[in-house]
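So the structure is just underneath, and the comments pick up after that.
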Amino acid sequence: GAGVSQTPSNKVTEKGKYVELRCDPISGHTALYWYRQSLGQGPEFLIYFQGTGAADDSGLPNDRFFAVRPEGSVSTLKIQRTERGDSAVYLCASSAGNPHRQFFGPGTRLTVL
Amino acid sequence: GQQLNQSPQSMFIQEGEDVSMNCTSSSIFNTWLWYKQDPGEGPVLLIALYKAGELTSNGRLTAQFGITRKDSFLNISASIPSDVGIYFCAGQANGNQFYFGTGTSLTVIP
């Protein structure tokens, strides 16, 4: 498709498990962002990639969170030893260069039981 | 992370009415953005503002970048049912981080 896609759309896991969330940005977009959106809140910045490198990972809450973008396109957000507080919608966005023109995906709803 | 304060938190209005909402921050921003989010979807950019005092329109939507650079306003004129959704403001100071507001939920009654 032409937009940002994210898989899975929903993920239910148990406390302590490892999860991977995938983002396919718009083709040709060099910048990719991950956000976390808790219920009733606005998106919260996690990490920003320019190409293959993480240009800004200051929003990652702790070392259980990690993200990669090995070929400068698809990105994977990895969460180790999940906790119930990690339950949220994880949004991915990409842009062609202008950071103000971010296109968001539909998100992955993560539920940690 | 920093969250911006939006008000009102929710609004219930009749179709055809005008809507006003605002966003405030304790910090100065260089850019203000307004997004709309529908259920199960990601936010969609409505308007971007780059200069203090700037007033920008997009159809029935008008947004302003506050003079103090600590606030922004969004107005929707002649609301229609498809305006229903959650509206978020977002501010950028420097760097790559955007700080989002807490959202204003809009319900339009036909």
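The values are calculated or read from the model by the stated rules, or taken from the named source; none is laboratory data. Since this is a predicted model, take the numbers as computed values, not measurements. Cβ placement follows ideal geometry from the backbone for every residue including glycine, while neighbour counts extend to all protein chains displayed.
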Give the number of residues within the range A:23-80 that are part of a loop (DSSP other than H, G, I, E, B) and of a type in the set (A, V, I, L, M, F, W, C). 4
Do you know which residues across the range A:21-51 are within 11 Å of chain B (Cβ to nearest Cβ) and of a type in the set (G, A, S)? A:A31, A:S38, A:G40, A:G42
Take the range B:85-110 and flag every residue that is touching a residue at least 60 places away in the same chain (Cβ under 8 Å), within 14 Å of chain A (Cβ to nearest Cβ) and of a type in the set (V, I, T). B:T102, B:T104
Working only within the range A:81-99, note down all residues that are assigned to a loop (DSSP other than H, G, I, E, B) and loosely packed, with under 15 Cβ neighbours inside 10 Å. A:R81, A:E83, A:A96, A:G97, A:N98
Out of curiosity, is B:L33 at negative phi, within 14 Å of chain A (Cβ to nearest Cβ), buried (at least 21 other Cβ atoms within 10 Å of the Cβ) and touching a His at 6+ places or on another chain (Cβ under 7 Å)? yes
Condition check: more than 13 Å from chain A (Cβ to nearest Cβ), over 28 Å from A:L46 (Cβ atoms) and at pLDDT 95 or above. Does B:L61 satisfy that? yes
Scan the range B:59-79 and tell me whether some residue there is over 10 Å from the mean Cα position of the chain (by Cα), part of a loop (DSSP other than H, G, I, E, B), free of Cβ contacts under 8 Å to residues at least 12 places away in the same chain and under 28 Å from A:Q6 (Cα atoms). no
Any chance A:G105 is under 15 Å from the mean Cα position of the chain (by Cα) and small (G, A, S): yes
Quick one: in the range A:83-113, of everything that is closer than 19 Å to A:D24 by Cα and among the β-branched types (V, I, T), which residue is nearest to the other protein chains (Cβ to nearest Cβ)? A:V89
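Within the range B:46-58, which residues are hydroxyl-bearing (S, T, Y) and in a strand (DSSP E or B)? Break it down into steps so the answer makes sense when it comes.
We begin by selecting, within the range B:46-58, every residue hydroxyl-bearing (S, T, Y); these are B:50, B:56-57.
The answer is B:T56, B:S57.
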Look through B:S26, B:S82, B:S20 and report the one residue that is over 20 Å from A:P99 (Cα atoms), in a strand (DSSP E or B), among the small types (G, A, S) and away from every other protein chain (no Cβ under 14 Å). B:S20
